[in-house]
Amino acid sequence: MLRVHDVRIRYADRLAVDGVDLTVGDGEVVAVLGPSGCGKSTLLRAVAGLEPLDDGTIVLDGHDLAGRRPDQRPVGLMFQDHALFPHRDVGDNVGFGPRMQGLPADVVTARTREALALVELAGAERREVTELSGGEQQRVALARAVAVHPRLLMLDEPLGSLDRALRDQLLAQLPEVFGRVGCGVLYVTHDQDEALTLADRVAVMRAGRLLQVAEPPVLWSQPVDEFVAGFLGLDQVVDVRVADGRADSPFGPVPLPGAREGAGRLLVLPDALDLLPGGGAGSGAHEGPGLDGVVVRRRFAADRTLLVVAAAGRTWEVPAPRGERAGRPGTPVRLRLDPTRVHLFAGRASGG
Ligand code: ADP
């Protein structure tokens, strides 16, 4: 439905968007994920017609958008600074787009009612924008973007200004809103949680280029390079040497059938490691790849407790087993590696 092809956008002497290809299908949610300054907003603004292209094409529903003004493009926009009109009430804010489209008053009223219901603010038409909480203001901004019945809904860091609890609340509501709106969604964020939670596909961007476009489980288990992995929080990477379908690693040999020979970097996924029950340094009886180490400390994550274990010159994180004693600093343990939960980066093999 949306097809961005080889788009380049230059500011002065630098390319903010550097040859981007991206599609969004009807009803599909695509997140553009990358660090601040990588060109995400510029790309989104270009689709909205707010930024001229230096090269490339943007096609929506088969129509090249070149030469179409922003108000002639069937898109709905929502930004982090929601930019609601402070002197107009909620209804006037949400009805703004449909009014600008020249729709009759009764249709504007119906669209406004429908959009507010969608964001669970039914009946809020006559409330003042300035009296709303931050979360409510963001929902009004979303209703305003949706009220124009866009073919493509575009959101730029829509949760960025909210505190954690509100953010999580709205994050949980968005999939249903997207589903009911039913159009394509282009969602820009620097937050991997948001991208992986919401998107059917995630496009990881760095310095104006898309490094990988993939469904969340694929992105998570097969990131193309260490930048993508690191950006997702996957940083357990070790040097290995691959020969005869096996990687020689600190965990011992790890079977990698068909893998490219030579020196490489192996990603150990977060769920790849567990502690061998009764494991301890020197307990050589255990089969399969593993590594002896020592518990350094416990770490409390949002929904679980992890043990930080020192082994092979670095630290590893493993889910803490139940029971107090297991997690004491200084306890010798054996890390067991699930050899199916690793990923060899495809980078150039050197040597070997
Ligand atoms: P992101 O949304 O990923 O944070 P942006 O698209 O806002 O990134 O910016 C990409 C790059 O382009 C940044 O280096 C930024 O400083 C630069 N940039 C953005 N807007 C302008 C502008 N209007 N003029 C000049 N440079 C800009």
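The values are calculated or read from the model by the stated rules, or taken from the named source; none is laboratory data. Fair warning: this is a prediction, and the values are worked out from it, not measured in the lab. FYI the Cβ positions are ideal-geometry reconstructions off the backbone, even for glycines, and counts take in every protein chain you see. Heavy atoms of the whole protein, side chains included, go into the accessibility calculation; ligands, DNA and RNA do not. Shrake-Rupley method; radii C 1.70, N 1.55, O 1.52, S 1.80 Å.
See the values below:
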| item | result |
| --- | --- |
| Length-normalised contact order of the chain in % [C-alpha pairs under 8 Å, at least 6 apart] | 16 |
| Centre separation in Å (Cα based) which lies between the stretch 225-261 and the stretch 64-131 | 50 |
| Sites E131 and A312, calculated FRET efficiency, Cβ-Cβ separation with R0 51 Å, nearest 0.05 | 0.30 |
| Helix runs (DSSP H) in the chain reaching 15 Å along axis by Cα, Kyte-Doolittle at least 0.0 | 105-118, 164-181 |
| Average accessible surface area per residue within the stretch 137-219, 1.4 Å rolling probe, Å² | 37 |
| Farthest positive-ward along the stretch 114-194 dipole, Cα basis, beta-carbon charges - from Q192, V177, G160 | V177 |
| Calculated FRET efficiency for the pair D200/R10, C-beta based, R₀ 22 Å, to 0.05 | 0.10 |
| Net charge over other residues, Cβ less than 10 angstrom from the Cβ of V308 (K, R count +1; D, E count -1) | +2 |
| Helix-derived mean residue ellipticity, 222 nm - over the chain, DSSP H n ≥ 4, -39500 (n - 2.57), to 500 | -7000 deg cm²/dmol |
| Interchain or long-range residues, amide H under 5 Å from R246's placed H | L256 |
| Dipole of the chain [Lys/Arg +1, Asp/Glu -1 at C-beta], most positive-end residue of V75, V202, A105 | V202 |
| Where labels lie 7 Å past Cα in the beta-carbon direction, separation of T305 and L50 in nm | 4.7 |
| Dipole moment magnitude, nearest 20 debye, the chain about Cα centre, only Lys, Arg, Asp, Glu C-beta charged | 540 |
| Accessible surface, 1.4 Å probe, highest first, among residues F300, F96 | F300, F96 |
| Table column - 3J(HN,Hα) (Hz), the stretch 195-207, Karplus curve with 6.51, -1.76, 1.60, x for Gly and Pro | 4, 5, 6, 9, 8, 6, 9, 10, 10, 8, 10, 8, 6 |
| Equivalent ellipsoid semi-axes - Cα gyration tensor, the stretch 190-340, angstrom | 29, 21, 12 |
| Built amide H within the under 5 Å cut-off of R297, gap 5+ | V308 |
| Amide H contacts under 5 Å for D274, placed H, 5+ residues apart | R336, D338 |
| Along each principal axis, Cα extent of the stretch 1-132, largest first, Å | 47, 31, 26 |
| For the chain: span of alpha carbons on each principal axis (Å, largest first) | 79, 47, 33 |
| Charge sum, other residues only, whose C-beta stays under 15 Å from D89's C-beta, Lys/Arg counted +1 and Asp/Glu -1 | +2 |
| Surrounding net charge for D193, when Lys and Arg each add one and Asp and Glu each subtract one, Cβ distance under 10 Å | -2 |
